[in-house]
Amino acid sequence: MKRIVLAAGLVLALAACQGENMSTRHLAPIPPATMALMASKGMSQNDPILMRAFKKESEIEVWKRGSNGRYALLKTYPMCRWSGQLGPKTREGDRQAPEGFYTVTPSQMNPNSQLYLSFNLGYPNEYDRAYGRTGSHLMVHGSCSSQGCFAMTDEAISEVYALAREAFASGQRGFQFQSYPFRMTAENLARHRLDPNIAFWRNLKEGSDYFEIAKDEPRVSVANQQYAFSGDASVMAAVAQKRQTDDQQVTALAANGVQPVKLVYADGGQHESFRQALYGDAGQGGSLAVDASARKRLGDISRPEALAAGPQEVVLTANRKPRGASAPMAYASQRSGAAPQAGTASEPAAQAVDSQGPSVFGRMRSFFGG
């Protein structure tokens, strides 16, 4: 009975923050299949949660904390849409989805979102404010539309929302949301070692390493304009050792020929399963026509033309310039639906690819100072 009263109070508190346009979708139960999955893993809907997002892989993980105090992975959800590039959000209107460590509380849940359901990440956090960063209403929400948010299908956000709702109703005061550019592996760090954001990403990796080792959330603070992580002393020692081992592996990978790259997105990405459903083999000489049934199933997709070919991987020289002047040209050929042939596209053609934003060639110039 106590839990029912608490849950009802949470619903009323959320409603008071959102106005009178009430719906009931925020009350949808956790699907039976997910309840069965929790049971098979020894989890309960009452257990606290934690979430991790990875832009490059376009995935959001939901973890559950057991009675032993350690988190275990419940489920990985594909992202339907995120916008911008790899890297942190810095200003209002830059279309960047945030990267960093955020806390989501009951007051940040929006049961009456115009994008089905949503919750606010709490950007800007203390770290963002230390750099004077601006932006508002950065969400995880339904509908495949993004202007700096992480978008899921309506079905997926309904499930994730229900998991958070039940954790809050059972006493969790806030859950940690960790947002990364990619999975923090030595290989990814080696490939992105010349990116201007690498120092920031290595800082994020400290928190990721703590979680990977302890399966518990790190305590997060900000000192000297950097994230500072603390926790169990033995875990912190293991984190330091892992950092040293991974640094050695990054050095070895670079020495063995792993080339530094820059991923250039037309405007963000989505999970490969959605891209294949929408476009098939687009970007590899296929048609850029959108599959009508997939489009209807996914709903409103923001800037679908920017998603078709996926990101362009540009190999960098030691001074962070693209290796080979034809890289953006080949990408323009892919975006136009032609089979890519290095050096055959013209600069005007590349500039005309995307009428709703800077061309890929223009983005390349902005990234590399051309």
**Asked** Filter the stretch 182-231 for residues that are in contact with a helix residue (DSSP H, G or I) (Cβ under 6 Å, 6 or more places away or on another chain), touching a residue at least 24 places away in the same chain (Cβ under 8 Å) and aromatic (Phe, Trp, Tyr); which is farthest from residue 124 (Cα to Cα)?
**Response** 210
**Item:** Residue in the stretch 58-67 that is farthest from residue 85 (Cα to Cα), counting only those that are touching an Asp or Glu at 6+ places or on another chain (Cβ under 9 Å) and surrounded by fewer than 22 Cβ atoms within 10 Å (Cβ to Cβ)
**Value:** 67
**Request:** May I ask you to verify whether residue 211 is under 25 Å from the mean Cα position of the chain (by Cα), in a helix (DSSP H, G or I) and either assigned by TED's automatic domain parsing to the domain that holds residue 128 or under 21 Å from residue 174 (Cβ atoms) (or both)?
**Result:** yes
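So which residues in the stretch 78-94 are surrounded by fewer than 22 Cβ atoms within 10 Å (Cβ to Cβ), of a type outside the set (S, T, N, Q) and touching a helix residue (DSSP H, G or I) at 6+ places or on another chain (Cβ under 9 Å), if there are any at all?
Of everything in the stretch 78-94, those that are surrounded by fewer than 22 Cβ atoms within 10 Å (Cβ to Cβ), of a type outside the set (S, T, N, Q) and touching a helix residue (DSSP H, G or I) at 6+ places or on another chain (Cβ under 9 Å) turn out to be 78, 87.
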**Message:** Which numbered condition in (1) within 28 Å of residue 259 (Cα to Cα); (2) crowded, with 21+ Cβ neighbours inside 10 Å is the only one that residue 175 fails?
**Reply:** (1)
**Request:** May I ask you to list the residues in the stretch 163-206 that are more than 22 Å from residue 270 (Cα to Cα) and β-branched (Val, Ile, Thr)?
**Result:** 198
**Request:** Looking only at the stretch 26-40, decide whether some residue is at negative phi, surrounded by fewer than 19 Cβ atoms within 10 Å (Cβ to Cβ) and at pLDDT below 95.
**Result:** no
**Complete:** Reported set for the stretch 100-114 where residues are outside any strand (DSSP E or B) and in contact with a helix residue (DSSP H, G or I) (Cβ under 7 Å, 6 or more places away or on another chain) is 106, 107, 111, 112
**Message:** Just to verify a result, which residue in the stretch 42-78, among those that are in a loop (DSSP other than H, G, I, E, B) and free of Cβ contacts under 8 Å to residues at least 60 places away in the same chain, is farthest from residue 177 (Cα to Cα)?
**Reply:** 42
**Asked** Among all residue pairs at least 6 apart or on different chains, which show Cβ distances below 6 Å where the first residue, located in the stretch 27-41, is closer than 16 Å to residue 157 by Cα and the second is in a loop (DSSP other than H, G, I, E, B) and not charged (D, E, K, R)?
**Response** 30/45
**Message:** So the check is Cβ under 7 Å with 6+ separation or different chains; which pairs have a first residue in the stretch 297-320 that's within 16 Å of residue 259 (Cβ to Cβ) and a second one that's surrounded by fewer than 19 Cβ atoms within 10 Å (Cβ to Cβ)?
**Reply:** 315/259; 315/323; 316/194; 316/323; 317/323; 320/194; 320/368
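So, residue 175, is that one closer than 21 Å to residue 43 by Cα and hydrophobic (A, V, I, L, M, F, W, C) or not?
yes
The values are calculated or read from the model by the stated rules, or taken from the named source; none is laboratory data. Quantities reported herein were computed from a predicted structural model and do not represent experimental measurements. Here Cβ is always computed from backbone atoms with ideal geometry, including for glycine, and neighbour counts include all displayed protein chains.
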